[in-house]
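Below: one structure, written as C-alpha cells.
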Amino acid sequence: GEAVPAAALGISPAMRGIEEMLPRIARHSRTLLITGESGVGKERVAIEFDRLARESEKCPFVAVNCGAITESLFEAEIFGHEKGAFTGATRIKKGYFEQAHCGTLFLDEIGELPLALQVKLLRSVQERRVIRVGGEEPIAVELRLICATNRDLKTLVEQGRFREDLYYRINVIHLRVPPLRERREDILWFARKYLAELSLQHGGGRRLLSRRAEQVLLDYPWPGNIREL
C-alpha cells in the first residue's frame with residue numbers, strides 16, 4: 001500500500017481546502033460555525049482550529065454536547081452556580097463558559113437547543129459575560145467560540161425554531177464539512193490510518209488492506225461517515 005500523506009483532516013480537495021483556510025481563520029476570528037452530517041469530523045476540525053489559535057498549552061478546550069444537557073440543568077452547567085443557589089449546591093461551580101476562559105468553548109449540536117435556552121445563551125455569546133445561578137455580578141470571559149450542528153440552521157430560523165439573532169451571532173465564519181461520500185479520496189486514507197493505529201495498539205506487525213477490501217470500502221456510501229468507518 002502507498003504511504004499515508006501527512007495531513008490532519010484528510011487528503012481530499014475539500015478537506016485540504018479547509019486545512020489551508022484554518023490558520024488564517026484561527027488568526028483573525030474568535031467565532032466559528034461548523035456544519036455537516038453526524039460523524040463527518042466536526043469536532044476534529046474544531047480541535048485543529050483550537051490548536052492553531054491557542055497562545056499557550058494551558059489554554060483549555062471545553063467541548064459541550066448541547067443536545068445532552070437537560071433544560072433544568074442548562075443554566076447551572078453552562079453558566080455555573082454559587083454555593084447555596086439551590087438544594088445540593090454545596091460549593092461554587094464554574095460553568096462551561098468560565099472553564100473555557102482564555103481557551104475555546106465548543107458547543108456541539110447547538111441546533112438541538114430549545115428556544116428558551118437559546119435566549120439565555122445569546123446574551124453570554126454576544127457580551128462574553130456570564131452570571132452564575134444564584135449570583136448577581138456578571139463575570140467576564142475571554143474565549144473563542146465554536147458552534148457545530150448537523151441541522152440546517154437557516155431552515156430552522158425560517159421555521160421559527162432557532163433564533164435569528166443567535167444564528168447571525170454565531171455564523172461569523174462558516175465551514176461546511178462534507179460527508180465522506182463526497183470526498184471519497186479520504187476513505188482509504190482514514191482506513192489505512194486506523195488500521196496502522198490498531199496494528200500498533202494490538203501488536204502483530206504492519207497490516208495492509210487487500211485490493212478487494214479497499215474496493216468494498218470505496219463502494220460503500222458510509223451514511224454514518226467517519227464515525228461509522
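The values are calculated or read from the model by the stated rules, or taken from the named source; none is laboratory data. Model, not experiment: these values are computed from the prediction. Here the Cβ is made from the backbone with ideal geometry for all residues, glycine too, and neighbour counts use every protein chain on show. Please note that ligands, DNA and RNA were not included when accessible areas were found on the heavy atoms of the full protein model with its side chains. Shrake-Rupley method; radii C 1.70, N 1.55, O 1.52, S 1.80 Å.
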query: If you find the alpha carbon centre of the range 160-229 and of the range 66-118, how far apart are they in angstrom?
result: 30
query: So how much slack lies between Gln99 and Thr31, counting 0.36 nm per residue of separation and subtracting their Cα-Cα distance, in nm?
result: 22.8 nm
query: R0 = 30 Å: FRET efficiency of Thr70 with Leu229, Cβ-based, nearest 0.05?
result: 0.45
query: Hey, what's the Kirkwood Rh for the range 110-229 if you take every pair of different alpha carbons, in angstrom?
result: 18.3
task: Whenever you get a sec, compute what percent of the accessible area on the chain sits on carbon and sulfur atoms (1.4 Å probe).
output: 50
Radius 15 Å from Cβ of Ala89, net charge of other residues (Lys, Arg +1; Asp, Glu -1): +2
- request: Compute the accessible area per residue over the range 25-179, keeping the other protein chains in place, probe 1.4 Å, unit Å².
  value: 50
- prompt: Say the cut-off is 26 Å between C-alpha atoms; which of Lys154/Lys193; Lys94/Lys120; Lys42/Lys120; Lys42/Lys193; Lys58/Lys154; Lys58/Lys193 go over it?
  reply: Lys154/Lys193; Lys58/Lys154; Lys58/Lys193
query: Residue by residue, what Karplus-based ³J(HN,Hα) values in Hz, rounded to whole numbers, does the range 86-91 have, using 6.51, -1.76 and 1.60 with θ = phi - 60° and x for Gly and Pro?
result: 7, 4, x, 7, 8, 8
- line: Summed over the other residues with a beta carbon less than 10 angstrom from that of Val64, with K and R at +1 and D and E at -1, the charge totals -3
- request: Within the set of other residues whose C-beta is less than 11 Å from the C-beta of Glu137, count the net charge using Lys and Arg as +1 and Asp and Glu as -1.
  value: 0
- line: Taking placed amide H atoms and a strict 5 Å upper bound, the residues 5 or more places from Gly80 or on another chain that come that close are Gly95, Tyr96, Val133
task: May I ask you to compute the full-extension gain from Arg51 to Leu208, defined as 0.36 nm times their residue separation minus their alpha-carbon distance, rounded to one decimal in nm?
output: 53.4 nm
Gain upon complete extension [Leu122, Leu156; 0.36 nm per residue less C-alpha separation]: 10.6 nm
